[in-house]
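So the structure is just underneath, and the comments pick up after that.
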Amino acid sequence: MGSPERDRHMAEVYAGLASRAGRDRGATPGRFALGTFALANGALSIAIVSVAAAVVNESLVFPSLGPTAYLLSYAPTDVTTTPRNIIVGHLLGVVAGYLALVVFGLLDAPSAFEADVTASRAAAAALSLGLTAAFMTWLDAAHPPAGATTLIVSLGILTTPHQVTALMIAVVFLAYQGIAINRLAGLRVPLWR
C-alpha cells in the first residue's frame, strides 16, 4: 500500500476516533495514537476469537487470521477489509487449497511439516495460490491474507472438512467482530461490501 493511500486510511481511522472523543476531525493523526488503536483493535480481535474458541472447545485461531485482524485495524475502510472480501477471499483460499490436494492426491498425505516437501506438495501449493489469486481477481474479492489460508490447506496443515469449516467460522466471526469494533470507534465501515 503506497504512502498516500496509507495516509488516507490512517486519516479516516483518526477522524472516526476523534469524532468519538469529541476532538477536531481535521487534526493530523499521530503515529502513537494510530499505533495504539492498532494495538487495541488487533489484540481485541484475536482475543475475542480465542475466547470463542475456548467456549466452544474448538481451534478457531489460525495463522491467516492475524493478517486479517491487522488489516481490520490498519485499513478498516479499504475494500480488502469489507466482510465480503474477507469471507469470499478466505473461502476461495480454502476451496483452492482443497482442490489442489485432490488434484495431486494429497488428501491423506502427511503435511509438509511432518514429511519432506515433495514435488506434488510444491505443485499443490503453487496451484492453490495461483487459483486463489485468479479467482479473487475475477470476482473482485481481493483479500491478501487469503493467500495464507490457501497455503495452510494445500500444505496439509488443515485438510478435513471439520477443520476447514472451523476456519471459515472463525473468518466470519473475525470479519463481523472487526466491523463492530471499528463502528464502535466511529468508523463508517460496511456490513458487506
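The values are calculated or read from the model by the stated rules, or taken from the named source; none is laboratory data. Please read all numbers here as calculations on a predicted model, not as lab measurements. Please note: Cβ atoms are built from the backbone with ideal geometry, for glycine as well, and neighbour counts cover all protein chains shown. Heads up: the accessible areas ignore ligands, DNA and RNA and are worked out on the full protein's heavy atoms, side chains in. Shrake-Rupley method; radii C 1.70, N 1.55, O 1.52, S 1.80 Å.
Data for the structure
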{"read-out": "Enumeration of residues in the stretch 83-132 that are closer than 13 Å to THR159 by Cα and among the acidic types (Asp, Glu)", "value": "ASP108"}
{"read-out": "Top-ranked residue of the stretch 143-193 - restricted to ones that are open to solvent by 50 Å² or more (accessible area, probe 1.4 Å) and part of a loop (DSSP other than H, G, I, E, B), ranked as farthest from LEU65 (Cα to Cα)", "value": "ARG188"}
{"read-out": "Hits in the stretch 102-150 (condition: β-branched (Val, Ile, Thr) and either free of Cβ contacts under 8 Å to residues at least 60 places away in the same chain or farther than 23 Å from ASP78 by Cα (or both))", "value": "VAL102, VAL103, VAL117, THR118, THR132, THR137, THR150"}
{"read-out": "Near pairs, Cβ below 7 angstrom, 6+ apart or cross-chain, from the stretch 48-68 (more than 14 Å from LEU167 (Cβ to Cβ)) to any residue that is open to solvent by less than 50 Å² (accessible area, probe 1.4 Å) and at pLDDT below 85", "value": "none"}
{"read-out": "Every residue from the stretch 84-93 that is in contact with a Ser or Thr (Cβ under 6 Å, 6 or more places away or on another chain) and open to solvent by 10 Å² or more (accessible area, probe 1.4 Å)", "value": "LEU92"}
{"read-out": "Qualifying positions in the stretch 111-130 - assigned to a loop (DSSP other than H, G, I, E, B), of a type outside the set (Val, Ile, Thr) and open to solvent by 70 Å² or more (accessible area, probe 1.4 Å)", "value": "PHE113, GLU114, ASP116"}
{"read-out": "From the options LEU101, LEU106, residue that is open to solvent by less than 20 Å² (accessible area, probe 1.4 Å), more than 23 Å from the chain's Cα centre (by Cα) and at pLDDT 95 or above", "value": "LEU106"}
{"read-out": "Selection from the stretch 35-83 of residues that are among the hydroxyl-bearing types (Ser, Thr, Tyr), buried (at least 19 other Cβ atoms within 10 Å of the Cβ) and not in a helix (DSSP H, G or I)", "value": "SER64, THR82"}
{"read-out": "Residues that are assigned to a helix (DSSP H, G or I) and either surrounded by fewer than 16 Cβ atoms within 10 Å (Cβ to Cβ) or at pLDDT below 95 (or both), drawn from the stretch 131-142", "value": "ALA134, THR137, TRP138"}
